[in-house]
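A short write-up of the structure that comes next.
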Amino acid sequence: MPSSGIIAVDAAAKGMKLERYASGGALLLRRATSAKLVSASSHLLFRATVLATLALVFLFTLHYPSLLSRSFHLSTGGGDAAHPSSASHRSLLMSSSSSSASAAYGGAAWEKEMRRSARPSRDGGISVLVTGAAGFVGTHCSLALKARGDGVVGLDNFNSYYDPSLKRARQALLASRGVAVLDADINDGLLLEKLFDVTAFTHVLHLAAQAGVRYAMEAPQTYVASNVAGLVSVFEVAAKHADPQPAVVWASSSSVYGLNTDAPFSEDHRTDRPASLYAATKKAGEAIAHTYNHIYGLSITGLRFFTVYGPWGRPDMAYFFFARSIVAGEPITLFRAADGSDARRDFTYIDDVVKGCLGALDTAGKSTGSKSGRKSGPAPLRVYNLGNTSPVPVTRMVAILEKLLGKKANKRIVTMPSNGDVPFTHANVSHAAHDFGYRPTTSLEAGLRHFVDWFVEYYKLDAKIAKGARGAAAKPAKKKKAAAAMSAAS
């Protein structure tokens, strides 16, 4: 090939290379520019996300200060027990008292006191951590356990859902029987771990919860904080920190039956149609219990309580605030179903429920897991109804209270609103009867008599009402002495 041809080809080749370099450089420039744009967009998106999150936190704080505030206010006068103020309600989600409890509790003297309270006084006795110990059922169960020689340590956050002074009075009663009750929160995982480090509890009776069907419409977050997050907190420590793992018995609710119309309610019936947020959180708890049993080998027993009543009860319960309204001469509201029938409840006396709780503890069976995460086999997973098996119209309950208090109620009857309440409850307790001999024996008349006796004494009512209550109790007491006998839990 002539030299001029070679030169031309070489020049053409160089031109092609230059073109490639030029196009490659342009491509690299475009990619670099694109990368910068993506990076800038990512930074902008990140900043926007942070700003949006801060805005949401700010708005959440404005609307729900009770969940984030590091302070709380106790109610001063009690107010409307059935509808407590959201502003005065102390959250169960790590408030200042509970968040500092793990730091406040400790030292040789504290550890000695915890061990003393948790130590059984009888051979073969169990050691039980009772959450919600200053609550209605928690107080009675703690007293009954201590009376039979078991060790008990209580925990309660003393929130103001109802008058905290009643909870403090229960705490004082427990202290007089040798039961220590800590002012702390179930969401304080560090404190729970510290308790299990100090004492090897054989059982946990988890009764702490945000109660009340209608209040869930006003303060839904507190139900999630306590009934879901709080339950997980207890399960976490029991499954991953305690050594050995304790057996857990916890309070579910008859509310899980929701819109079920089959009666009496059986543990085999469907529970996938809750009628309130409260019921939904309890149903969620049963699903969570299944998970911790399956993965970690925790022995877990859920108890579905049916309208528990009696001395030292909850002021937000109908029988309690009806009694207060009757004495004060204030009107009471009674609900009727859409078909005109009276609302009916399976009222269950506290002593019968306590026997069921202790029976569940005694037959719980051992957990099979360990701190390492390994389990030796399947652990018991159970759920039981604890009811009275005899639904009674609420109007009948009011009539009994009128007789015991010697005063007529100013009744206002309305159709039941769709706010979570159900027209009737009715328990089938055959499983509990078979597995641990649960048999309720207290009639509504006898149980309300015991409640009114306590009610008159605790609130120091005038002599006329006290005399009427004693007079109403005198005749039936002669017929059946056994009905008047209270268990150690009273």
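In the range 393-403, how many residues are part of a helix (DSSP H, G or I) and either modelled with pLDDT under 95 or open to solvent by 10 Å² or more (accessible area, probe 1.4 Å) (or both)?
Number satisfying all stated conditions: 7.
Scanning the range 118-138 for residues that are within 19 Å of P311 (Cα to Cα), hydrophobic (A, V, I, L, M, F, W, C) and part of a helix (DSSP H, G or I) turns up at least one hit. For the criterion of being out of contact with any Ser or Thr (no Cβ under 8 Å at 6 or more places or on another chain) and open to solvent by less than 40 Å² (accessible area, probe 1.4 Å), V237 passes. Within the range 423-439, being part of a loop (DSSP other than H, G, I, E, B), open to solvent by 30 Å² or more (accessible area, probe 1.4 Å) and under 17 Å from T348 (Cβ atoms) holds for H426, N428, G437, R439. The set of residues from the range 175-204 being aliphatic (A, V, I, L, M), without any contact (Cβ under 8 Å) to a residue 60 or more places away in the chain and under 17 Å from S233 (Cβ atoms) comprises just one member, L192. Residues in the range 273-283 that are open to solvent by less than 40 Å² (accessible area, probe 1.4 Å) and of a type outside the set (S, T, N, Q) were compared, and the one that is farthest from L303 (Cα to Cα) is A275.
Residues checked against (1) touching a Lys or Arg at 6+ places or on another chain (Cβ under 9 Å); (2) within 13 Å of A134 (Cβ to Cβ); (3) β-branched (V, I, T); (4) surrounded by 24 or more Cβ atoms within 10 Å (Cβ to Cβ):
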{"residue": "R148", "(1), (2), (3), (4)": "yes, no, no, no"}
{"residue": "V152", "(1), (2), (3), (4)": "yes, yes, yes, yes"}
{"residue": "L155", "(1), (2), (3), (4)": "no, yes, no, yes"}
{"residue": "S165", "(1), (2), (3), (4)": "no, yes, no, no"}
{"residue": "D183", "(1), (2), (3), (4)": "no, yes, no, no"}
{"residue": "L190", "(1), (2), (3), (4)": "no, no, no, no"}
{"residue": "A200", "(1), (2), (3), (4)": "no, no, no, no"}
{"residue": "L207", "(1), (2), (3), (4)": "no, yes, no, yes"}
{"residue": "A219", "(1), (2), (3), (4)": "no, no, no, no"}
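Can you find even one residue in the range 221-243 that is in contact with a His (Cβ under 7 Å, 6 or more places away or on another chain) and at pLDDT below 95? No, there is no match, as no residue in the range 221-243 is in contact with a His (Cβ under 7 Å, 6 or more places away or on another chain) and at pLDDT below 95. Quick check: anything in the range 408-422 more than 30 Å from A219 (Cβ to Cβ) and at pLDDT 95 or above? Within the range 408-422, one or more residues are more than 30 Å from A219 (Cβ to Cβ) and at pLDDT 95 or above. Where strands (runs of 3 or more DSSP E) sit wholly within the range 287-392, those with at least 3 residues that are open to solvent by less than 30 Å² (accessible area, probe 1.4 Å) and under 26 Å from H434 (Cα atoms) occupy 300-305, 381-386. Among the residues in the range 254-261, are any modelled with pLDDT of 95 or more, open to solvent by less than 50 Å² (accessible area, probe 1.4 Å) and farther than 22 Å from V422 by Cβ? No, because not a single residue in the range 254-261 is modelled with pLDDT of 95 or more, open to solvent by less than 50 Å² (accessible area, probe 1.4 Å) and farther than 22 Å from V422 by Cβ. Test V232 against the criterion of being open to solvent by 10 Å² or more (accessible area, probe 1.4 Å), within 19 Å of the chain's Cα centre (by Cα) and over 29 Å from V422 (Cβ atoms), and give yes or no. In short, no.
Residues are listed down the side, and each one gets a yes or a no for (1) modelled with pLDDT of 50 or more; (2) surrounded by 15 or more Cβ atoms within 10 Å (Cβ to Cβ):
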| site | (1), (2) |
| --- | --- |
| A81 | no, yes |
| M94 | no, yes |
| G106 | yes, no |
| R116 | yes, no |
| G125 | yes, yes |
| V128 | yes, yes |
| G132 | yes, yes |
| H140 | yes, yes |
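The values are calculated or read from the model by the stated rules, or taken from the named source; none is laboratory data. Here the structure is a predicted model, which means the values were calculated and not measured. For neighbour counting, all protein chains shown are included, and Cβ atoms are generated from backbone atoms with ideal geometry for every residue, glycine included. Areas reflect the complete protein model, heavy atoms only, side chains present, ligands, DNA and RNA absent. Shrake-Rupley method; radii C 1.70, N 1.55, O 1.52, S 1.80 Å.
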